[in-house]
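One structure is given here, and the rest of the page talks about it.
The values are calculated or read from the model by the stated rules, or taken from the named source; none is laboratory data. From a predicted model like this one, the values you see are computed outputs, not experimental measurements. Here Cβ is always computed from backbone atoms with ideal geometry, including for glycine, and neighbour counts include all displayed protein chains. For the accessible areas, the whole protein counts, side chains as well, though only heavy atoms, and no ligand, DNA or RNA atoms are used. Shrake-Rupley method; radii C 1.70, N 1.55, O 1.52, S 1.80 Å.
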Amino acid sequence: FQGVGNPDGGSSSLSLSDLNSGLKKDGLNTGVFLDYSLMLQNLPPPEIIPKAMATKVAAKPPPFTTVAPILTPEPPETTTAFSWSKYVAPDLDTASKFEIIAPDVVAEIGMSPTSNLKVVCTAQKAWGWTYIAISRYEGDSEYSLEFLGGVDKSDEWPFIPIDSRMSDFTLHRDADQVTFALETKYALCEDKGRYLCEVKVNRTFFSKTFNVDVKKRPEKPDLKFPEDVIEGQTIWLVTTWDAGNPVIGYIVHDIVNGFTGGWMISGRLPYAATSESTKAWYKDCAVMMENKYAVTPELSWNGTEIVAHILPKDNATVYERSIAERVKIDRKIMTVLHKNICGNKTSVRIAHPYRSDKYITCYTSGPAVSKCPSHHVFDEVTKICAMPGIS
């Protein structure tokens, strides 16, 4: 558990000068200047996080409960070849090596000003080429392919399926080289996977596989616990977070208003957590995280406001920190009701002390809170939920 206030001991807000001065720290000082103002201009402003009275950092997850899918072996070669990257065209002089170049690609969703995806296939020293195409493997299958686009040398324009999102193409061809590229303005998680580049030279097909990875911006954490808690009742506080890809931080809970403790440290809300667990798993192109722990609220916790937000990981780059700052927060208020709110009453309904659209049913086993249907309020006379103004 962290102490009171910001765990880092101060504000984590970054300015543009901080970003540009952080080039060396991030290992980005390679002679190419990165314009962070351009990278951040389309991102929302940093979230304003209320001042914390106490902070609890979620436990780090163990190894993922769901293992990332392992790429299946590449399909067997159909032609004589030295390797997957270099091929010898059968009808050419062996001194001039035919080569397919299809680099791996990383697309970004919400992590940069653009979210485009461009895949490129180039055939060098391809004298006599007549066909080039790009396809995508469906799932882990070695034989099921989705055709994305191709070019026959006898045609003037590439053939692109009418329902393909990669409708933007680039074609460059000369005597001994051809380059074919497909592009979409908006990358999706489903674009992640293995792709296949095929080239036909002198009536023989050659191919090479390449990979597309997708990075995704993290989403807002989702904090959940019962809206109404009976004093002494043990409840779970559960926060689920779409952490995107790669994971740039971890879940933090701040107590920003209400009860934080008494004379006993063990009674303070951050320290009273028990049975804590954190797990992580893959979903599409993102990593999902769930942190939960049990608490047994006392009546003095009534009105406590809890904020779930994201703290950048220790080795996060300056740009990753700026992304983490812009992840929206989730905040909820805990309502704790007196365990003897029913008194000696049983088998009756009474009004909720704070909400007109709720009521409490008194059972012999204890009180239970229920909510009226939408646009209804609890009538203390008739003891039923009704539309306002209708008796």
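What to note about this one:
- Of everything in segment 194-227 that is farther than 30 Å from His309 by Cβ and among the aliphatic types (A, V, I, L, M), the residue that is surrounded by the fewest Cβ atoms within 10 Å (Cβ to Cβ) is Val212.
- Among the residues making up segment 96-105, those that are part of a strand (DSSP E or B) and either at pLDDT 90 or above or of a type in the set (Asp, Glu) (or both) are Glu99, Ile100, Ile101, Val105.
- Selection of segment 147-189 for residues being open to solvent by 30 Å² or more (accessible area, probe 1.4 Å), among the hydrophobic types (A, V, I, L, M, F, W, C) and within 30 Å of Val287 (Cα to Cα) yields Phe147, Leu188, Cys189.
- Looking only at segment 110-121, and only at residues there that are open to solvent by less than 20 Å² (accessible area, probe 1.4 Å) and either in contact with a Pro (Cβ under 7 Å, 6 or more places away or on another chain) or not in a loop (DSSP other than H, G, I, E, B) (or both), the one that is farthest from Asp163 (Cα to Cα): Cys121
- Filtered residue count, segment 125-146, keeping only those that are hydrophobic (A, V, I, L, M, F, W, C) and open to solvent by 60 Å² or more (accessible area, probe 1.4 Å): 2
- The residue that is farthest from Asp379 (Cα to Cα), counting only those in segment 295-350 that are of a type in the set (Ser, Thr, Tyr) and touching a strand residue (DSSP E or B) at 6+ places or on another chain (Cβ under 6 Å), is Thr304.
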